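The values are calculated or read from the model by the stated rules, or taken from the named source; none is laboratory data. What you see is a predicted model; the values in this text were computed from it and never measured. When we count neighbours, we look across all protein chains shown, and the Cβ atoms used for this are built from the backbone with ideal geometry, even at glycine. All accessible areas refer to the heavy atoms of the entire protein, side chains included, with ligands and DNA or RNA removed. Shrake-Rupley method; radii C 1.70, N 1.55, O 1.52, S 1.80 Å.
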Amino acid sequence: MRREPSILHLDLDAFFAAVEQRDKPSLRGRPVVVGGTGGRGVVSTASYEARAFGARSAMPTAEARRLCPPGTAFLGGRFAAYRRTSEVVMALLRELSPLVEPVSIDEAYVDLAAGDHDLSVPGVTALAAELKARIAVATGGVTGSVGIGTSKAVAKIGSELDKPDGLTVVPPGEELAVLHPLPVRALGGVGPATAERLAQIGVKTIGDLHRLSLVDLTSLVGQAHGAGLYRLARADDDRPVVTDREAKSVSAEETFARDLTDPARLAAEIEALATRVGSRLQRSGTSGRTVTLKVRRYDFSTLTRSQTLAHAVDDPRQIAEVAHRLLGAVDRSGGLRLLGVGVSGLSPYAQGDLFAEAAGPAEVVEPVEVVEPAEPVELPADPEPGRAVVAWYPGQDVVHPDLGSGWVWGSGLNRVTVRFEGPRTTPGPVRTLAADDPDLQPADPPDWAP
């Protein structure tokens, strides 16, 4: 434990929805849901206006539609826009300290002790307030909540206490007073199953958890998990902020602008991803025995398939061969939004026959650690036999030579409705065009930079 509140945790607020509201002025202040928009879609992010009606992440989109009022915007994801905004935020964090640990596209830890800062409570409070203001300006209005404390666990909990656009500094010595009244689910590692098991013995808050002995806790949830929770209930967390984690796997993935169904295109993507992974393995002088395929379907559901080989490999041809087999066992109906290929079980050399047989059947595993960021790619829609069909998805960026830039409001019956507006305009007009209008084209995310 540190003596000063020197670890900062930033969590951007309803990030995907916030970027959509920034780029689409007609949606500001309105409920927005980002995720799968089809009948079996899943919510990825709900704006705070949508959360007020009960919409939340991981909820079926159909349920969110029932809960939210008419006029709620249900949009597909625009990952290029989200990634670009994330890069701006991460660059601001690196101006504070050389030790920045991104956790996801919208979340990171910063070790303020590695920078030249006043680490008193007033000092870090002022620093965080200035950071939040700079993020809002640099991103065109996206907000983030900040927690600062003497450990990563305390800082992360602090960032959740006053959302959205919150700022909480937990002074040294006051960690337990802040933690103990909170529900046990506030601790990292306490999911629904663990919370249910703890509730059966009357443990509902972190303070309740603190009163359990180590023996009782480990007998209830297991040795490793119990020991970790025992420490966290006492604010005992000495994990450092790590900028370069030791790679547990090497992987690459692509997120597609349109759901992909064509087998030839899927095969080509597998080959390209395997080449990227194999090349990185060879450059680093490592190899691995387990090849993993990651897919995200049209409804935002994600799964992985894995196959372990008899020998460690680094050759792109063998990686691709295994990935092709794994993809063949996946239901691709409805289209795939993302493909990823990874190799884990790393060792410092490769050995064995290029075409060694697999040691066992494919199995479902947890996703591998992605060490190469995905870059969205634009692919044309799959044509139906005999005629060309233009596919548009809600929220997609488009441009028209006469009407300007805008975004897809909806489509169907060979028509597409577009609202022509951008982050620096007032709410714009709505126009309905033929879906195959040659003047209407997909576009890059609009320019929002100040």
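None of A58, A64 is closer than 22 Å to Q396 by Cα and assigned to a helix (DSSP H, G or I) except A64. Every condition in (1) open to solvent by less than 60 Å² (accessible area, probe 1.4 Å); (2) farther than 26 Å from R332 by Cα; (3) of a type outside the set (A, V, I, L, M, F, W, C) is met by E130 except one, and the failing one is (1). Counting only residues that are surrounded by fewer than 24 Cβ atoms within 10 Å (Cβ to Cβ) and over 27 Å from R424 (Cβ atoms), how many does the range 137-150 have? Residues that pass the stated criteria total 1.
So, A50, is that one under 15 Å from the mean Cα position of the chain (by Cα) and open to solvent by less than 20 Å² (accessible area, probe 1.4 Å) or not?
Against the criterion (under 15 Å from the mean Cα position of the chain (by Cα) and open to solvent by less than 20 Å² (accessible area, probe 1.4 Å)), A50 does not qualify.
For beta carbons closer than 7 Å, sequence separation of 6+ or different chains, a first residue in the range 310-322 that is modelled with pLDDT of 90 or more and a second that is part of a helix (DSSP H, G or I), the qualifying pairs are I319/A274; I319/V277; I319/G278; A320/I270; A320/E271; A320/A274. Restricting attention to the range 425-442, the residues that are closer than 21 Å to R28 by Cβ, open to solvent by 40 Å² or more (accessible area, probe 1.4 Å) and either in contact with a helix residue (DSSP H, G or I) (Cβ under 8 Å, 6 or more places away or on another chain) or part of a loop (DSSP other than H, G, I, E, B) (or both) total 4.
Specify the residue that is most open to solvent (accessible area, probe 1.4 Å); the eligible residues are those in the range 17-42 that are in a strand (DSSP E or B) and touching a residue at least 60 places away in the same chain (Cβ under 8 Å). So the residue we want is V42. The residue that is farthest from the chain's Cα centre (by Cα), counting only those in the range 85-127 that are surrounded by fewer than 20 Cβ atoms within 10 Å (Cβ to Cβ), under 20 Å from G158 (Cβ atoms) and of a type in the set (D, E, K, R), is D118. Checking each residue in the range 282-291 for being buried (at least 23 other Cβ atoms within 10 Å of the Cβ) and either under 26 Å from the mean Cα position of the chain (by Cα) or at pLDDT 90 or above (or both) picks out G288, V291. Remark: A224 matches the filter, which requires a residue to be part of a helix (DSSP H, G or I), at pLDDT below 85 and outside the structural domain of V100 (by the TED database). Could you tell me which residue of the range 407-424 is most open to solvent (accessible area, probe 1.4 Å), considering only residues that are under 20 Å from V32 (Cα atoms) and free of Cβ contacts under 8 Å to residues at least 24 places away in the same chain? Residue satisfying both the conditions and the ranking: W409. Restricting the range 176-226 to residues that are polar (S, T, N, Q) and within 19 Å of I157 (Cβ to Cβ) leaves a set whose member that is least open to solvent (accessible area, probe 1.4 Å) is T194. Can you confirm whether the range 141-149 contains a residue that is under 23 Å from the mean Cα position of the chain (by Cα), modelled with pLDDT of 95 or more and over 22 Å from R22 (Cβ atoms)? Looking for residues that are under 23 Å from the mean Cα position of the chain (by Cα), modelled with pLDDT of 95 or more and over 22 Å from R22 (Cβ atoms), one finds at least one in the range 141-149, hence yes. One residue alone among E372, E384 is surrounded by fewer than 13 Cβ atoms within 10 Å (Cβ to Cβ) and modelled with pLDDT under 50, and that residue is E384. Only a single item in (1) more than 28 Å from G188 (Cα to Cα); (2) at pLDDT 85 or above; (3) more than 26 Å from the chain's Cα centre (by Cα); (4) of a type outside the set (F, W, Y) is not met by A350, and it is number (2).
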